[in-house]
Amino acid sequence: MRRLVILGSTGSIGTQTIDVIKDDPEIKVTGLAVYGSIDKLKEQVDALKPEAVAIYDEKKAEDFRSYRLPVKVLSGMDGLLSLVTMEACDEVVVSVVGMIGIRPTIEALKAHKEVALANKETLVCAGHIIMPLAKACGIEIKPIDSEHSAIWQSLSGEKTESVERILLTCSGGPFRGMTREQLRGKTKEDALKHPNWSMGRKITIDSATLVNKGLEVLEAGWLFHVPVDKITVIVQPQSILHSAVQFVDGSIKGQMGLPDMRIPIEYALYAPGRRPLLSDERLDLTALSSMTFEKPDLETFRGLALGYRAGRTGGSMPTVFNAANEEAVALFLSDRIEFLEIPEVIEEAMDAHEGHVLKEPTLEEILETERWSREFVRSHALKS
C-alpha cells in the first residue's frame, strides 16, 4: 500500500490525480493540502478519508475546523511541512501554485519521500538546491507535466551523453501567429481561451504570453541536466507530440498522445509501468489530417526570450523572471495592466536586478528576491 499526500488537491492537477488513482486499491490518500478552497476540500475528505489536511490560509483552516470532520487539520506553512513529513506518507504530489511549493518539496526529500512535481517554481527558482538534495537522498524527481513527462519517457534507457538536444513542444497558445499590433487590447477573456488544454487561469495566461514555455525551459534544464541552449522550443499547434529528444546519431524519440493531463500524472505515479486510463479516447493517427511544426516568434512573444535570458544568467535571475511574471499576471487578470505589458514589466524587473544577481542564492535569498520582484512590479503598476 502506497500512502500519498497531494498538495494542491482542489486544483486542476490535484483533482485529476485523484481521478487517476480512485480505483487503485494499492494507493491510499493520507493527506490533502489546499490554499483556502475548504468547500471542495470537505468533499474530498468525505470521499477519501485522509488522516490529515493542511490549509495554508489560517482563517480558512479555522473555518474548516468548524465542520468537525474526523481528520487532523493543520495550517500555514508549518502545516504543509508536517503533512509531507508525517509517517503515513510515502509519496508527495506537489501541485500547489507558486513559491509555496519550494519548502515542502525540500522537506519531503529530506524525509526521503518520493516526489511527483507539478510546481514549476520549485525547480525554476531553487533547482540548484533541489536537484543536488534529491541526488543525495537517492530520489528521482518525477515530473507531472505533458512536455517534461514526454522528455522523461524519451530518455528512458538512453545515456545522458547520447543527448544532443531536447525538443520542447509548445501549442502556441490562443494568440499563435498574431502580431504585436493584433495583440494590443487583448482581454483576459481572450487570453483564457486556450485551444487545446484545460488549465488554471494563471498557467493559461502564461501559455498565451509563452512565459510558461520559458519556465518549462528552465525546469527542463534542471530535470535533465542540460544547459538551456541545448533546449529548442518548437510550436506544435495540435498538441499531439508532447516533446522529444534528439540524439547524437540524429535520431529523434518523442511521446505522442491526446492532450490529457491524466497521462503524465499516471506515468509519474506508476512509471516504468502503465495503467489503463478510464477513457475510451485514444489518439487515432489515421484520423490526423496533419501535424505541423513552427518556430516560436520570440519578438512578438517576449516571454519565451526572457526565459532563455534568465536561464543563461542563472542564479537569482530565474526567481525574478518567475515572481515578476506572477505579479504581472495578477495585475492583468485584475484589469490593471494590458496584455502586452506583462513581458514589458518582467523585462524591466530583470534589467533592474541585472547588477545584483546572486550566483547560488539560499532559500531565504530566493524568497527575498521574490518579495523584491513583486514589489518592483506593483510599483510599476502604480506609475502606469
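The values are calculated or read from the model by the stated rules, or taken from the named source; none is laboratory data. Only a predicted model underlies this, so the values are computations on that prediction, with no experimental measurement involved. Using ideal geometry, Cβ is built from the backbone for each residue, glycine included, and neighbour counts are taken over all protein chains shown. Side chains are part of the model used for accessible areas, which takes the heavy atoms of the whole protein and leaves out ligands, DNA and RNA. Shrake-Rupley method; radii C 1.70, N 1.55, O 1.52, S 1.80 Å.
Annotations for the structure displayed:
- Heavy-atom accessible area for Arg103, with the other protein chains in place and a 1.4 Å probe, reaches approximately 90 Å².
- Viscosity 1.567 mPa s, 4 °C: Kirkwood-radius Stokes-Einstein D of the chain over Cα pairs, µm²/s: 61 µm²/s
- Extending 7 Å from the Cα toward the beta-carbon at both Thr15 and Ala271 defines two label points whose distance is 2.6 nm.
- Amide N of the stretch 157-181 lying under 15 Å from the label point, which is placed 7 angstrom from the Cα of Asp249 along Cα→Cβ: 157-164
- Net charge of Cβ neighbours under 12 Å - reference Pro237; Lys, Arg +1; Asp, Glu -1: 0
- Solvent exposure of the chain as accessible area per residue, Å², 1.4 Å probe: 44 Å²
- Value of Rg/Rh across the stretch 62-207 [Cα atoms, Kirkwood radius]: 1.05
- Listed residue (Val94, Gly79, Ile21) projecting farthest to the positive dipole end of the stretch 13-94, Cβ model: Gly79
- Full-stretch length increase - Glu348, Asp78 - with 0.36 nm per residue and alpha-carbon distance subtracted: 93.8 nm
- When the trypsin sites (Lys or Arg not before Pro) in the stretch 208-293 are filtered for DSSP coil states and for at most 13 other beta-carbon atoms within 10 Å of their beta-carbon, the remaining sites are Arg274, Arg282.
- Accessible-area composition of the chain, carbon plus sulfur, in percent [1.4 Å probe]: 51 percent
- Taking GluC sites (Glu not before Pro) across the stretch 1-109, the ones in a DSSP loop with at most 12 further Cβ atoms lying within 10 angstrom of their Cβ are Glu26, Glu87.
- Dipole orientation for the stretch 314-367: of the candidates Gly315, Asn325, Val345, Gly315 has the Cα lying most toward the positive pole (charges on Cβ; Lys, Arg +1; Asp, Glu -1).
- Two-site FRET efficiency, Glu87 against Arg336, from Cβ-Cβ distance with R₀ of 35 Å, rounded to 0.05: 0.15
- Highest average first, the peptides 152-158, 7-13, 341-347 ordered by how many other beta carbon atoms sit within 10 Å of their residues are 7-13, 341-347, 152-158.
- When only the Cβ of Lys, Arg, Asp and Glu is charged (+1, +1, -1, -1), the dipole of the chain relative to its Cα centre reaches about 340 debye.
- Fully extended contour minus Cα-Cα distance, from Arg184 to Thr160, at 0.36 nm per residue: 4.3 nm
- For the cross-link pairs Lys59/Lys186; Lys60/Lys186; Lys49/Lys193; Lys72/Lys113; Lys22/Lys110; Lys42/Lys188, the ones whose C-alpha atoms lie over 25 Å apart are Lys59/Lys186; Lys60/Lys186; Lys49/Lys193; Lys22/Lys110; Lys42/Lys188.
- Each Cα pair under 8 Å and six or more residues apart adds its separation to the average, and for the stretch 187-236 the resulting relative contact order is 23 percent.
- Computed over the stretch 277-337, the alpha-carbon pair-distance distribution with 10 angstrom bins reads 17, 26, 22, 26, 9, each value a whole percent.
- P(r) tail for the stretch 308-384: Cα pairs beyond 21 Å make up 22% of the total.
- The stretch between Lys49 and Arg371, if pulled fully straight at 0.36 nm per residue, gains 112.2 nm over its current Cα-Cα span.
- Taking all protein chains together and a 1.4 Å probe, the residues Tyr35, Tyr308, Tyr67 rank Tyr35, Tyr67, Tyr308 from largest to smallest accessible area.
- Counting DSSP beta bridges with both ends in the chain, the antiparallel % (nearest 5): 25 percent
- Per-peptide average of other Cβ atoms within 10 Å, ordering 318-325, 288-295 highest first: 318-325, 288-295
- Taking other residues whose beta carbon is less than 12 angstrom from the beta carbon of Glu158, and scoring Lys, Arg as +1 and Asp, Glu as -1, yields -1.
- Summed residue charge, Cβ within 15 Å of Lys59's Cβ, Lys/Arg positive, Asp/Glu negative: -3
- The 1.4 Å probe gives accessible areas that order Asp297, Asp39, largest first, as Asp39, Asp297.
- If R0 is taken as 41 Å, the Cβ-Cβ distance between Met291 and Leu363 corresponds to a FRET efficiency of 0.45.
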